[in-house]
1. 5 Å is the cut-off here: which amide hydrogens, built 1.01 Å from N in the peptide plane, fall below it relative to T117, excluding neighbours closer than 5 in sequence?
2. Kindly provide the GluC sites (Glu not before Pro) of the range 1-71 that DSSP labels as loop, not H, G, I, E or B, and whose Cβ sees at most 13 other Cβ atoms within 10 Å.
3. Please give me, ordered by residue number, the chymotrypsin sites (Phe, Trp or Tyr not before Pro) of the range 213-268 that lie in loop per DSSP and have at most 15 other Cβ atoms within 10 Å.
4. Can you tell me the 0 to 90 degree angle between the C-alpha axis of helix 37-57 and the longest principal axis of the chain, rounded to 10?
5. Per residue, how much accessible surface does the chain expose to a 1.4 Å probe? Answer in Å², no decimals.
6. Can you work out ³J(HN,Hα) from phi for every residue in the range 179-189, in order, using Karplus 6.51 cos²θ - 1.76 cosθ + 1.60 and θ = phi - 60°, giving whole Hz and x for Gly and Pro?
7. Would you kindly calculate the translational diffusion coefficient of the range 6-47, applying Stokes-Einstein with the Kirkwood radius from alpha carbon pairs, for 37 °C and a viscosity of 0.692 mPa s, and quote it in µm² s⁻¹ without decimals?
8. How large, in percent, is the carbon and sulfur part of the accessible surface of the chain at a probe radius of 1.4 Å?
Amino acid sequence: MEAYLDNSATTKVMDCVTDIVVKVMTEDYGNPSAKHRKGMEAERYIKEARAAIAKTLKVQDKEILFTSGGTESNNMALIGTAFANQRAGKHIITTRIEHASVYNPLAYLESQGFEVTYLPVDQDGHISLKELQDAIRPDTILVSIMYVNNEIGAVEPVEEIGRLIKSIRSSILFHVDAIQAYGKYEIRPKKQNIDLLSVSGHKIHGPKGVGFLYINEKVKIKPLLYGGGQQKDLRSGTENVPGIAGLGAAAKEMYTDFAKRIGKMTELKDYFIDRISEIDGTIVNSKKGLESAPQIISVSFQGVRSEVLLHALEERQIYVSSGSACSSNHPAISGTLKAVGVKKDLLDATLRFSLGIYNTREQLDYTIEVLKELLPVLRRYQRG
């Protein structure tokens with residue numbers, strides 16, 4: 001049996017997505033900037049995808065900008081708004097548990113004279129609203145806080161954060177990395193006071209290499225790419241029409257029968273947490289129920305290095321992650337696990353199991369059986 005439990009790294013593409021991607025690549029393959037019929041057909045796919053995505057967020061079509069994925073969306077949101085609004089100030093606020101695609105653009109901005117405040121989190125991965133309030137200064141122009149943490153599944157109180165920021169000063173921009181939240185939550189940027197929202201296609205059973213950034217129409221932002229002036233001069237370059245069409249199809253499907261799908265995923269998460277907690281020497285770092293995201297389960301295994309266990313599971317066709325997929329080529333101890341107070345001896349003994357729409361209870365039972373078989377052996381081996 002195969003158990004793919006690394007859906008927060010990437011997901012299997014839905015059939016409806018594959019179908020539309022292939023159709024665009026083989027039949028309706030025109031350049032959307034071309035003036036002939038093939039070009040207009042291609043442009044129609046972009047318009048339809050933009051409308052489908054905007055509908056899921058209850059925003060205007062024109063507020064959706066297509067990108068190459070989550071990293072570009074985060075870079076555009078942070079660097080584009082920082083430089084466009086720097087006359088108002090150069091102070092930015094974020095948290096200690098953000099993804100590298102937020103941290104590294106912020107490090108770049110620090111090298112350009114911006115100042116960044118990094119908020120701590122509690123043992124559940126949540127920021128303090130009081131500490132956020134105290135951190136806001138007259139020169140604060142941007143707050144960037146992720147919706148769902150990609151390693152432990154902590155859900156930040158986004159609506160309360162947005163309300164607090166705007167009650168202090170409405171001009172402060174609020175950016176949300178929703179890469180692990182979109183498709184798992186009903187997100188309403190207007191209601192939640194979110195000015196910028198980043199999403200990646202391959203986390204929602206869509207294609208890799210495509211994503212979008214919601215940009216409130218009132219936000220001042222500078223482009224990162226210059227060229228032919230596509231997407232109203234905000235992102236030059238011929239649009240990835242097959243990817244965009246696939247992203248639109250995935251977004252539409254994820255929000256069809258939404259409550260039922262997410263309810264099933266949450267049940268599976270809770271079931272897996274209950275079963276894995278029965279195994280000696282395991283510490284679950286994620287919460288059950290609605291207290292954390294429906295798809296992410298972080299587990300520490302005493303006495304076993306995460307990489308050793310990961311490859312042992314891989315040999316049994318069980319696929320998991322030892323952290324953020326984007327950091328896998330640059331192994332380091334997780335800043336998130338440190339921030340939430342995971343014990344030092346468990347920092348390199350933690351795996352992430354993440355669910356998607358194709359996972360079953362049978363796959364989870366198989367995973368538990370294999371873990372019960374492997375762990376005693378690996379622990380003896382490592383002690384020896």
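1. Distant-sequence amide H within range of T117: I92, I93, T94.
2. E2, E27
3. Y226
4. The helix 37-57 is inclined about 60 degrees to the chain.
5. 44
6. Those phi angles translate into 5, 9, 10, 5, x, 10, 9, 7, 9, 10, x Hz.
7. Here the translational diffusion coefficient equals 285 µm²/s.
8. 51
The values are calculated or read from the model by the stated rules, or taken from the named source; none is laboratory data. This one's a predicted model, so the numbers in the text were calculated from it and none came from an experiment. Methodologically, a virtual Cβ is constructed for each residue, glycine included, from the backbone with ideal geometry; neighbour enumeration extends over all protein chains shown. What goes into the accessible areas is simple: the full protein's heavy atoms, side chains included, and nothing from ligands, DNA or RNA. Shrake-Rupley method; radii C 1.70, N 1.55, O 1.52, S 1.80 Å.
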